[in-house]
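Peer 1: Okay, handing you the structure first.
The values are calculated or read from the model by the stated rules, or taken from the named source; none is laboratory data. Nothing here was measured: the structure is a model prediction, and the numbers come from that model. Neighbour counts run over all protein chains shown; Cβ positions are idealised from the backbone, glycine included. Side chains included, ligands, DNA and RNA excluded: accessible areas come from the protein's heavy atoms. Shrake-Rupley method; radii C 1.70, N 1.55, O 1.52, S 1.80 Å.
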Amino acid sequence: MTDTAAIEVSDLVKEYGDLRALDGLDLRVEDGEFFGLLGPNGAGKTTFIEILVGLTRKTSGHAEVFGHDVVDDYRNARDAIGLAPQEFNVDRFFPIREVLEHKAGYHGIPPEEAGERADEALKRVGIYDKRDERFDWLSGGMKRRLLLARALVTDPDLLILDEPTAGVDVQLRRDLWNVVRDLNANGTTVLLTTHYIEEAERLCDRVAVMDEGSVLDVATPEDLMSRGTDTITITLADQPREVPAFDRDAVLDAAVDGDRLTVRVEDGGRAVADVVTALQAAGHQVVDLDVSRTSLEEIFVQMTGDDASTARDGDAGDGGASDEESPAQAEVSQA
Amino acid sequence: MSVASSIPGLSTGTVTLVRREILRYVRRPRNTFLPPFINNVLYFAVFGVILGERIGSYGDAIPYILFVLPGLVVLGAVSNGFENASFSIFHGRWNEYIHEVLTSPLSYGQTTFAYVAASTLRGVLVGVIIAVVGVAFTVAHPAYDLVSIAHPLYLAVALTLVAALFACIGVVGGLWARDFDYLTVLNQFLIRPLVFFGGVFYPLDALDGLFYTLSFLNPMVFTVDAVRYGFLDVNVLNPWLSLGVLAGATAVVFAIDVALVKRGYGLTE
C-alpha cells in the first residue's frame, strides 16, 4: 500500500443538459483496497466509472487514478485500469483470444507476451477451450467471464467491475468472486459496483453508498448491514394463539399468521438461535426456518427516504437489477 | 506499466490497432475486395471497351480505356478509404467495442493515425486491383498497347495521399453518423457527386468557363488529375500543385480528426 490513492476524486460533477448525474462527488479509494460502490439505478455509479476510464467527459472537478489525472495524464491513468463493464462491448470481428491479444497490445504489451497473457486470462476465468470462438457464439455466462478476462489481460493495478454478477447464476458468481478475491489478495485494487449488499459484505473492505450523484456515506459492509433489519420467518408445527415472548433487545417486532411467525431483528445471523431457543422453551416445534437479510432497498429507504428500487431517469448506464433475487437470497432458497 | 517507453516511432499499441484494422478487412475479401473487382470489370467492359471505342479523348491521342483507368483507380481508392474508416469507427461505436480502444492508453493522435493508416492501405490496395483489371482489359484488346506508368513514384505518393485524404474524411463521417443511414447518405450525396464531377469520366477542359472554374472547389479534381498525370503524363493542373493541395488537405482533415477524437465527438457522450 502506498500513500498515493488508487482513486481520488473531489467535487466531481457531470451534467447531461439539466440532469446532474454526478453532483460534487468526493471519494478516495486506497491502493490495495477492495472497495464497493452501492447505489440504486441512476445513482451515478457508471458515470463515475466512465469518467475514470475516459468514456465520459467530466463537467468539472478533479479525478485521479494512482496520481494520474484522468484528463491531463489520461494515458497513464487508463493504462492502470482494467474494466469489466456492465454492457457487452466486445469486438465481434475476432475470436476471443485475438480480442484479448488486441487489448493487451493497445496497452503496449508485445505480441508474444500478449498471446501468453490472453491464454492465461482465458484459463483463469475458465473459457480457454472457447478461445477460437467469436463473442456472439458464447453463452451469457461465458460472455460475462470474457469481460473479466479482458480486464485482467493487461494486469491492471486497478480492476473495476461494474455490476459483474447482475443476472448470472450461482456457480458463475462464486467463480467470479474467487478470481477477484485472489487478485485483490495479490495487491490489485478492486472497485466493485453492485446492487447486492450481500456481495459487498462478502468481498469489500469498505463501501460507499451513492445516491443522486454523490456519496451519502462510506462505511464497512458490517456497519452498513447493522443499520438495516433482517427477517426470520418460522413455520411452527402448531398455530400459536398469540405472539410468543422474546428478548426485546434482540427482536424489534414479531407477528403471527396461522402457523407462520415473522420476526424482525437487527442481525438475523445472531438472533436466530435465541429466537429458536425461546420458541422451544415456550413449547413450540419449529418445522421450517428462513432468514432474509437486510436488503439494499431497505437501507436506502432508511438513508434517503426514497424507494431505491425505482430507476431514475437519465442514467441508462446503471442497469436495473434491484428487483432480482439477491445472491444471498438465491443461495438460501437453493440450500 | 509506463507507456512512456513505447512512444517513439510507432508504438506497440499503434501497430496493434493498425493490424487489427487491416485484419478486419483482409479476412473478409468477399465484402471488401470482391465488390470493387466486379464493379470495375463491368466499368472497363462497358466504358472502356464497348463505349470507349466510340469516345475520343485528348484528340484521340489516348484511348478512352486508358483515360478512364486512372479515374476509376481514384474512384476505388477514394470510396474504399472513406468507407473503411467511416464503417469501422461507426460499427465500433454502434456495438460499443470501440471502448476497447478508448479505454486504452493510446493517444488521440495514435488512435486516429491507426484508423487512417489502415483505411488508406485498403484504398491503395483497391486502387491497385482496379489498375490490374484495367491493364488486363487493355492488354487483352487487340487495338491497344501495354500500359506503362509515366511517373511511378509520383503515382504512388499521389494515390496514397488520395486514399489518406478520404480516409480522414471517413473518420469524420464515422464519428458523425448516428445510424447506418448516415453512412449511406454520405456516400450517395457527398462522395458520389464529387467523383462524378471530378473528371473521372471526362477531361476537365471539356467544361465551359464557369463550370470549369467551379470544378476547382472539388478536391476530387486534384486527385484525379494527379493520378492521371502519374499514369499517363497528361494533366490539366500543375502536378506539384495537385500534390500540394492533396497533402495540405490531408493534413488539415487529419488535424480535425484528432481534435474531434480528443473532444470525444460521437464517442464519449
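Peer 1: Kindly indicate whether any position in segment A:66-80 is of a type in the set (A, V, I, L, M, F, W, C) and in a helix (DSSP H, G or I). So that I can check it myself, show each step before the final result.
Peer 2: Step one: filter segment A:66-80 for residues of a type in the set (A, V, I, L, M, F, W, C), giving A:66, A:70-71, A:77, A:80.
From what's left, in a helix (DSSP H, G or I): A:77.
Checked against the condition, which is being of a type in the set (A, V, I, L, M, F, W, C) and in a helix (DSSP H, G or I), segment A:66-80 yields at least one hit.
Peer 1: Out of curiosity, is B:ASN95 under 11 Å from the mean Cα position of the chain (by Cα) and within 14 Å of another protein chain (Cβ to nearest Cβ)?
Peer 2: Values: under 11 Å from the mean Cα position of the chain (by Cα): no; within 14 Å of another protein chain (Cβ to nearest Cβ): yes.
When the stated conditions are applied, B:ASN95 does not pass them.
Peer 1: Test each condition in (1) open to solvent by 10 Å² or more (accessible area, probe 1.4 Å); (2) among the hydrophobic types (A, V, I, L, M, F, W, C); (3) not in a helix (DSSP H, G or I) for A:VAL190 and report the one that comes out false.
Peer 2: Checking A:VAL190 against (1) open to solvent by 10 Å² or more (accessible area, probe 1.4 Å); (2) among the hydrophobic types (A, V, I, L, M, F, W, C); (3) not in a helix (DSSP H, G or I), the one that fails is (1).
Peer 1: Before we move on, is B:PHE90 under 27 Å from A:ALA151 (Cα atoms), open to solvent by 40 Å² or more (accessible area, probe 1.4 Å), touching a Phe, Trp or Tyr at 6+ places or on another chain (Cβ under 9 Å) and assigned to a helix (DSSP H, G or I)?
Peer 2: Details: under 27 Å from A:ALA151 (Cα atoms): yes; open to solvent by 40 Å² or more (accessible area, probe 1.4 Å): no; touching a Phe, Trp or Tyr at 6+ places or on another chain (Cβ under 9 Å): yes; assigned to a helix (DSSP H, G or I): yes.
No; evaluated as a whole, the condition is false for this residue.
Peer 1: Give segment A:71-99 a look and list any residue that's more than 10 Å from chain B (Cβ to nearest Cβ) and open to solvent by less than 10 Å² (accessible area, probe 1.4 Å), or say none.
Peer 2: A:ALA84, A:ILE96
Peer 1: Let me ask something else about it. Given the condition hydroxyl-bearing (Ser, Thr, Tyr), closer than 26 Å to A:ASP182 by Cβ, part of a loop (DSSP other than H, G, I, E, B) and open to solvent by 10 Å² or more (accessible area, probe 1.4 Å), answer yes or no: does some residue in segment A:145-163 qualify? Walk me through how you get there before you give the answer.
Peer 2: The first filter runs over segment A:145-163 and keeps only residues hydroxyl-bearing (Ser, Thr, Tyr), leaving A:154.
Imposing the further condition that a residue be closer than 26 Å to A:ASP182 by Cβ reduces the set to A:154.
Those left that are additionally part of a loop (DSSP other than H, G, I, E, B): A:154.
Narrowing the set further to residues that are open to solvent by 10 Å² or more (accessible area, probe 1.4 Å) leaves none.
Taking every residue of segment A:145-163 in turn, none turns out to be hydroxyl-bearing (Ser, Thr, Tyr), closer than 26 Å to A:ASP182 by Cβ, part of a loop (DSSP other than H, G, I, E, B) and open to solvent by 10 Å² or more (accessible area, probe 1.4 Å).
Peer 1: Within the set of pairs 6 or more residues apart or between chains, which connect a residue that is in a helix (DSSP H, G or I) inside segment B:146-157 to a residue that is at pLDDT below 90 and open to solvent by 40 Å² or more (accessible area, probe 1.4 Å) with Cβ atoms less than 8 Å apart?
Peer 2: B:LEU155/B:ILE149
Peer 1: Report the residue count in segment B:212-269 for those that are in contact with a Pro (Cβ under 9 Å, 6 or more places away or on another chain) and of a type in the set (Lys, Arg).
Peer 2: Total meeting the criteria: 1.
Peer 1: Among the helices (runs of 4 or more DSSP H) confined wholly to segment B:186-269, which include 3 or more residues that are touching a helix residue (DSSP H, G or I) at 6+ places or on another chain (Cβ under 6 Å) and within 21 Å of B:LEU153 (Cα to Cα)? Lay out the reasoning, then the answer.
Peer 2: On the way: elements: B:192-196, B:209-214, B:219-232, B:239-263.
The qualifying helices (runs of 4 or more DSSP H) are B:219-232, B:239-263.
Peer 1: Let me ask something additional. Within segment B:102-118, which residues are at the interface with another protein chain (Cβ under 7 Å from one of its Cβ atoms) and open to solvent by 10 Å² or more (accessible area, probe 1.4 Å)?
Peer 2: Of the residues in segment B:102-118, the ones at the interface with another protein chain (Cβ under 7 Å from one of its Cβ atoms) are B:102-107.
Passing the criteria: B:LEU102, B:THR103, B:SER107.
Peer 1: Check B:ASN39 against each of (1) under 28 Å from B:VAL258 (Cα atoms); (2) open to solvent by 10 Å² or more (accessible area, probe 1.4 Å); (3) away from every other protein chain (no Cβ under 14 Å) and name the one condition it does not meet.
Peer 2: Result: B:ASN39 fails condition (1) only.
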